[in-house]
1. On the given criteria, is Val102 touching a Leu at 6+ places or on another chain (Cβ under 9 Å), aliphatic (A, V, I, L, M) and under 24 Å from Asn48 (Cα atoms)?
2. Would you check if there is a residue in the stretch 63-78 being free of Cβ contacts under 8 Å to residues at least 24 places away in the same chain and open to solvent by 60 Å² or more (accessible area, probe 1.4 Å)?
3. Can you tell me how many residues in the stretch 94-110 are open to solvent by 70 Å² or more (accessible area, probe 1.4 Å) and assigned to a loop (DSSP other than H, G, I, E, B)?
4. Being without any contact (Cβ under 8 Å) to a residue 40 or more places away in the chain, on the phi > 0 side of the Ramachandran plot and of a type in the set (S, T, N, Q) narrows it down to one residue among Asn133, Asn141, Asn117; which is it?
5. Kindly indicate the residue of the stretch 1-23 that is among the charged types (D, E, K, R) and outside any loop (DSSP other than H, G, I, E, B) and also farthest from Val72 (Cα to Cα) among those meeting that condition.
6. Those residues that are surrounded by 20 or more Cβ atoms within 10 Å (Cβ to Cβ) and either in contact with a Cys (Cβ under 6 Å, 6 or more places away or on another chain) or of a type in the set (Phe, Trp, Tyr) (or both), I need them from the stretch 1-23; list them, please.
7. Please find, within the stretch 52-62, the residue that is most open to solvent (accessible area, probe 1.4 Å) out of those that are more than 13 Å from Ile90 (Cβ to Cβ) and either assigned to a helix (DSSP H, G or I) or in contact with a Lys or Arg (Cβ under 9 Å, 6 or more places away or on another chain) (or both).
8. Taking the criterion of being in a helix (DSSP H, G or I), without any contact (Cβ under 8 Å) to a residue 24 or more places away in the chain, within 21 Å of Ala116 (Cα to Cα) and open to solvent by 20 Å² or more (accessible area, probe 1.4 Å), would at least one residue in the stretch 24-47 satisfy it?
Amino acid sequence: MERPPVLLYRLGNFFYRKKIFILGALLTWINRLIFSTFLPSSASIGKNFKIGYLGLGTIIHKNAKIGDNCTVAQNVTIGRNIGEKKVPVIGNNVYIGTGSVVFGEIIIGDNVIIGANSLVNKDIPSNKIAYGNPVKIVRDNTRKK
């Protein structure tokens with residue numbers, strides 16, 4: 001079962017898609033006040049989304065796109081860079097570690113792991129593990145079968 005902040009997001013997103021914007025915005029702000037997370041109803045977040053510690057300190061831009069089966073740890077910011085109009089697009093099966101900042105007109109591929117306290121301001125291709133400030137790709141994310 002999804003955690004309460006994600007459930008509030010899903011309900012708000014339902015209203016947002018039905019063009020009942022006021023209810024979507026109200027649920028976004030209830031999430032902000034109760035759980036200290038900003039998960040706007042207008043964001044596009046895929047199924048099986050998980051958020052660490054009820055999203056404490058997590059901020060996601062209203063136009064962000066996040067794929068299926070993604071996990072975002074606490075105190076993560078996903079947003080745009082000053083002067084840019086677009087925000088990150090995050091693929092499927094992505095883990096973003098605690099305290100990371102992901103910003104700008106970038107694409108994070110599928111099956112990516114981003115380590116804690118990373119500053120991600122450039123594209124990360126699929127199947128990679130990256131961390132650091134600024135982020136560096138350290139190796140492939142592959143499993144032996």
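1. Answer is yes for this residue.
2. Quick first cut of the stretch 63-78, residues free of Cβ contacts under 8 Å to residues at least 24 places away in the same chain only: none.
Checking the stretch 63-78: not a single residue is free of Cβ contacts under 8 Å to residues at least 24 places away in the same chain and open to solvent by 60 Å² or more (accessible area, probe 1.4 Å).
3. Number satisfying all stated conditions: 1.
4. Working: Asn133 fails: on the phi > 0 side of the Ramachandran plot; Asn141 fails: on the phi > 0 side of the Ramachandran plot.
On inspection, the qualifying residue turns out to be Asn117.
5. Arg17
6. Result: Tyr9, Tyr16.
7. So the residue we want is Tyr53.
8. No, the conditions are met nowhere in the stretch 24-47.
The values are calculated or read from the model by the stated rules, or taken from the named source; none is laboratory data. Since the model is a prediction, treat every value here as computed from it, not as a measurement. Methodologically, a virtual Cβ is constructed for each residue, glycine included, from the backbone with ideal geometry; neighbour enumeration extends over all protein chains shown. To get the accessible areas, we keep the full protein, side chains included, count just its heavy atoms, and leave off ligands, DNA and RNA. Shrake-Rupley method; radii C 1.70, N 1.55, O 1.52, S 1.80 Å.
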